[in-house]
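Trainee: Here it is, the structure, as structure tokens.
No value in this document is a laboratory result; all are computed from the given coordinates. Just so it is clear, the model here is predicted, and its values are computed rather than measured. With ideal geometry, Cβ positions are generated from the backbone for all residues, glycine too; neighbour counts draw on all protein chains shown.
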């Protein structure tokens with residue numbers, strides 16, 4: 001089990017103020033490459049091991065997730081690879097400050113990825129258009145007029161970023177394995193992720209959950225979700 005060495009108070013402060021924090025983890029890029037070589041086995045035991053290694057089994061990361069949602073239970077609702085989409089600035093959740101802290105994202109970034117994160121954009125309610133991958137797209141001019149500042153990030157060796165899901169971002173190159181946690185009221189509108197109905201895998205998934213964090217998986221041939 002790995003633990004983040006990034007000071008938690010700094011990470012929390014950056015999330016609140018700028019809307020994201022770069023954990024500067026030099027090991028993630030190699031792990032993402034190994035996952036790619038296996039053709040991204042998200043919905044398998046290897047996929048669960050990957051999530052456990054980088055997020056749910058990391059005490060520092062887990063504490064940030066629980067802190068972000070306060071007294072609300074959250075669900076790991078979404079795990080997908082987001083490729084480059086130059087010229088498109090997108091966010092997962094709209095509403096700005098009034099929307100509150102209802103969704104938190106993790107980017108596990110491949111080597112050579114380039115991403116622009118728009119600091120402070122999570123605090124503004126922008127007019128958006130529906131994006132091509134269940135996201136909301138906003139204009140660069142609106143971000144500029146609101147005083148949001150672009151942070152250019154070159155992940156030569158890969159990396160790990162935590163961000164408020166209201167934050168605007170643009171993936172210019174590479175890709176981000178994107179993991180999203182949401183409040184229980186939001187998860188109802190998202191499809192469940194399917195896992196093979198294997199006893200060992202069921203036990204592993206059960207062990208990854210807690211009173212504060214659930215998982216939005218359903219086992220094939222089963223009518224119950226692990227997120228409830």
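Trainee: Quick check: convex hull over the Cα atoms of the stretch 54-138, volume per residue in Å³, rounded to an integer? Please list the in-between numbers first.
Mentor: Values: hull volume 10.4 nm³, N = 85.
Taking only Cα atoms, the stretch 54-138 has a hull volume of 123 Å³ per residue.
Trainee: So for the pair residue 97, residue 63, with labels modelled 7 Å out along Cα→Cβ, what separation do we get in nm?
Mentor: So the label points at residue 97 and residue 63 sit 2.9 nm apart.
Trainee: Compute the angle between helix 28-37 and the longest alpha-carbon principal axis of the chain, please, reported from 0 to 90 degrees and rounded to the nearest 10.
Mentor: 60 degrees
Trainee: Roughly how many nanometres apart are two label points built 7 Å out from the Cα toward the Cβ at residue 49 and residue 80?
Mentor: For residue 49 paired with residue 80, the spin-label model returns 2.6 nm.
Trainee: Counting only DSSP beta bridges with both residues in the chain, tell me the antiparallel percent, nearest 5. Don't skip to the answer; put the middle values down first.
Mentor: Values: 43 of 49 bridges.
If I count the DSSP bridges inside the chain, around 90 percent turn out antiparallel.
Trainee: Please give the length that would be gained between residue 206 and residue 149 if that part of the chain were fully extended, namely 0.36 nm times their separation in residues minus their C-alpha to C-alpha distance (nm, one decimal).
Mentor: 16.4 nm
Trainee: In addition: Could you line up 161, 65 from fewest to most neighbouring Cβ atoms inside 10 Å?
Mentor: Values: 161 24, 65 19.
Final ranking by Cβ density, sparse to dense: 65, 161.
Trainee: Now a separate question. D for the chain, whole µm²/s, Stokes-Einstein with Kirkwood Rh over alpha-carbon pairs at 20 °C and 1.002 mPa s: what number?
Mentor: Numbers: Rh = 17.8 Å.
Diffusion coefficient, whole number: 121 µm²/s.
Trainee: Please give the helix 199-208 orientation as an angle from the longest Cα principal axis of the chain, in degrees from 0 to 90, rounded to the nearest 10.
Mentor: Tilt relative to the chain: about 40 degrees.
Trainee: If one takes the longest principal axis of the Cα atoms in the chain, at what angle in degrees, from 0 to 90 and to the nearest 10, does the Cα axis of helix 59-69 lie?
Mentor: Between the helix axis and the principal axis of the chain, the angle is about 60 degrees.
Trainee: Computed FRET efficiency, Cβ-Cβ of residue 185 and residue 8, R0 30 Å: what is it to the nearest 0.05? It would help to have the intermediate numbers written out before the result.
Mentor: Values: r = 27 Å, r/R0 = 0.90.
Once rounded, the FRET efficiency stands at 0.65.
Trainee: Next question. Quickly rank 181-188, 41-48 as a protection proxy: mean count of other C-beta atoms within 10 Å, highest first.
Mentor: On the way: 181-188: 18.4, 41-48: 16.5.
Descending packing order for the listed peptides: 181-188, 41-48.
Trainee: Springs between alpha-carbon pairs under 10 angstrom, Gaussian network model over the chain: which of 160, 141, 14 fluctuates most?
Mentor: 141
Trainee: Just want the ordering: 92, 219, from fewest to most Cβ atoms lying within 10 Å of their own Cβ. Don't skip to the end; give the middle numbers.
Mentor: Numbers: 92 22, 219 18.
Ranked by crowding around the Cβ, least crowded first: 219, 92.
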